[in-house]
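Working notes for the structure below.
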Amino acid sequence: MRQGIARHTVEGVPDARVSTYPFTTADGLTLHLTRFHRGDCDDVVLLLHGLTGSSDMFIMPEHRNLATHLLDDGFTDVWTLDFRMSNRFPYNTEPGDHTLDDVALHDHPAALAELRRHIGQRRVHVFAHCLGSTTFAMSLAAGTVTGVSSLVSQSVALAVRVPSWSRWKLAFAPTLLEHVLGLSAVDPRMADAAPFTRAWALARLVSLGHPECDNHACNLVSFMWGAGWPALYSHGNLAPETHERIADLLGPTGVHYYRHIRKMARAGRAVRSDPADPRHAALPVDYLAEAAAVRTPVLFLTGADNHVFGDANVVCHREFARHAPDRYELAVLPGYGYIDPVIGKDAHRDVFPLVCDFIRRRAGEPEQLDPSEPTT
């Protein structure tokens with residue numbers, strides 16, 4: 001708890017009926033959807049976090065958040081999904097080999113099936129951040145999810161590009177962390193570990209490279225995810241309360257996910273973690289190669305100062321637009337970075353209206369077009 005804000009609070013979404021719906025994936029994980037409901041409407045919006053995030057990033061009480069903005073703008077049935085990458089669950093730090101393929105194959109299809117149980121055949125629009133966006137786009141490319149009226153892809157989708165320093169970290173950090181330091185996970189709260197432990201020492205070593213900020217958690221999330229001072233956002237874009245509780249919003253992760261991201265970064269695109277793994281045989285080896293098969297309209301959104309995935313969404317938009325230029329849009333946000341388009345104190349003014357406008361314009365458009373339609 002930071003600055004009086006309880007972890008996982010729903011106080012940031014007043015005047016909505018809040019209910020939670022657990023469901024189980026085919027590989028045996030219990031996940032949950034949370035509904036913020038003021039009334040039924042034709043266009044339902046589903047919000048997806050990224051790795052180590054959670055639904056909390058969409059319902060922050062310290063300023064106007066995305067869920068409230070959508071509700072006030074007439075989208076009166078908003079849902080959030082906490083899938084296996086959520087910091088609300090223990091799955092990120094358990095020993096194992098979960099990959100982005102597991103999310104695309106199991107989490108998103110099960111979530112959409114559970115959502116449909118409650119809303120029927122009303123239109124569904126998805127806003128997805130970071131690896132929530134990548135994995136949801138993977139589901140669309142693989143055909144494990146269909147019937148989505150629009151997608152807003154924030155920061156990264158099926159093109160994966162990272163800064164040079166991030167490439168070095170992805171290449172060496174997983175092995176160094178596991179086999180040299182004996183750490184199977186990285187946590188923004190490592191500075192709170194017992195003095196002189198390995199976790200405590202790593203937190204202080206990381207902070208030596210971030211003289212711009214005295215918040216150890218802020219420094220650690222930069223180490224975990226990007227290249228910059230800080231890497232994930234501009235300090236000026238965050239409310240003081242948000243900066244103080246960044247470890248509540250962005251939690252720990254095991255290094256197994258980094259190995260899949262490393263493979264994608266080397267390829268420059270979303271690819272299957274292990275083409276020989278029979279568990280994922282139903283998925284494409286190269287997801288971006290299936291771009292022409294994705295019929296869902298997409299708004300590719302990214303900050304101009306994204307120091308985690310760079311211009312990945314610019315490149316992805318270019319690739320998708322080759323097949324159907326009228327179906328895909330791009331918005332590059334001046335003054336914004338990787339995550340501040342969602343958690344920034346002024347995002348309700350600079351970003352959220354773009355999201356609502358895109359959803360409204362795409363409402364009612366068919367997700368599945370005639371297969372004979374020309375794509376060039």
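Restricting to region 146-192, name every residue that is outside the structural domain of residue 230 (by TED's automatic domain parsing), at positive phi and surrounded by fewer than 20 Cβ atoms within 10 Å (Cβ to Cβ).
147
Regarding residue 342, is this residue out of contact with any helix residue (DSSP H, G or I) (no Cβ under 7 Å at 6 or more places or on another chain), assigned by TED's automatic domain parsing to the domain that holds residue 52 and part of a helix (DSSP H, G or I)?
no
Please name all residue pairs, on different chains or six or more residues apart, with Cβ atoms under 8 Å, provided the first residue is in region 49-61 and is not assigned by TED's automatic domain parsing to the domain that holds residue 99 and at pLDDT below 95 and the second residue is part of a loop (DSSP other than H, G, I, E, B) and not aromatic (Phe, Trp, Tyr).
From region 49-61, no pairs qualify.
Among (1) of a type outside the set (Gly, Ala, Ser); (2) in a loop (DSSP other than H, G, I, E, B); (3) surrounded by 16 or more Cβ atoms within 10 Å (Cβ to Cβ), there is one condition residue 195 misses while meeting the rest; what is its number?
So residue 195 meets the others, but not (3).
Just for helices (runs of 4 or more DSSP H) wholly inside region 215-289: which have at least 2 residues that are touching a residue at least 12 places away in the same chain (Cβ under 8 Å) and under 18 Å from residue 166 (Cβ atoms)?
Because the criterion is at least 2 residues that are touching a residue at least 12 places away in the same chain (Cβ under 8 Å) and under 18 Å from residue 166 (Cβ atoms), the helices (runs of 4 or more DSSP H) in region 215-289 that meet it are 216-225, 256-267.
Which numbered condition trips up residue 103, out of (1) assigned to a loop (DSSP other than H, G, I, E, B); (2) without any contact (Cβ under 8 Å) to a residue 60 or more places away in the chain?
Answer for residue 103: the failing condition is (1).
Every residue in region 8-20 that is in contact with a Lys or Arg (Cβ under 8 Å, 6 or more places away or on another chain) and part of a loop (DSSP other than H, G, I, E, B), please.
If the condition is that a residue be in contact with a Lys or Arg (Cβ under 8 Å, 6 or more places away or on another chain) and part of a loop (DSSP other than H, G, I, E, B), then 8, 15, 16 are the ones that fit.
Say we look at region 111-135 and pick out the residues that are touching a Ser or Thr at 6+ places or on another chain (Cβ under 8 Å) and crowded, with 21+ Cβ neighbours inside 10 Å; which of these is farthest from residue 185 (Cα to Cα)?
124
Being surrounded by 18 or more Cβ atoms within 10 Å (Cβ to Cβ) and either assigned to a loop (DSSP other than H, G, I, E, B) or touching a Leu at 6+ places or on another chain (Cβ under 6 Å) (or both) narrows it down to one of 92, 87, so name that one.
87
Are any of the residues in region 40-63 assigned to a helix (DSSP H, G or I), closer than 22 Å to residue 258 by Cβ, of a type outside the set (Phe, Trp, Tyr) and in contact with an Asp or Glu (Cβ under 7 Å, 6 or more places away or on another chain)?
No: region 40-63 contains no residue that is assigned to a helix (DSSP H, G or I), closer than 22 Å to residue 258 by Cβ, of a type outside the set (Phe, Trp, Tyr) and in contact with an Asp or Glu (Cβ under 7 Å, 6 or more places away or on another chain).
Output yes when any residue across region 165-184 is β-branched (Val, Ile, Thr) and in contact (Cβ under 8 Å) with a residue 12 or more places away in the chain, and no when none is.
Checked against the condition, which is being β-branched (Val, Ile, Thr) and in contact (Cβ under 8 Å) with a residue 12 or more places away in the chain, region 165-184 yields no hits at all.
Have a look at 176, 140 and point out the one that is within 28 Å of residue 351 (Cβ to Cβ) and outside any loop (DSSP other than H, G, I, E, B).
After ruling out the rest, the residue left standing is 140.
Regarding region 317-336, can at least one residue be identified that is surrounded by 24 or more Cβ atoms within 10 Å (Cβ to Cβ) and assigned to a loop (DSSP other than H, G, I, E, B)?
yes
Restricting attention to region 3-13, does a residue exist that is at negative phi, in contact with a His (Cβ under 7 Å, 6 or more places away or on another chain) and basic (Lys, Arg)?
Taking every residue of region 3-13 in turn, none turns out to be at negative phi, in contact with a His (Cβ under 7 Å, 6 or more places away or on another chain) and basic (Lys, Arg).
Could you identify the single residue in 23, 36 that is surrounded by fewer than 19 Cβ atoms within 10 Å (Cβ to Cβ), touching a residue at least 40 places away in the same chain (Cβ under 8 Å), part of a strand (DSSP E or B) and of a type in the set (Phe, Trp, Tyr)?
23
The values are calculated or read from the model by the stated rules, or taken from the named source; none is laboratory data. In this text, all values refer to a predicted model and were calculated from it rather than measured experimentally. Because the Cβ atoms are built from the backbone with ideal geometry, glycine has one as well, and the counts that use them run over all protein chains shown.
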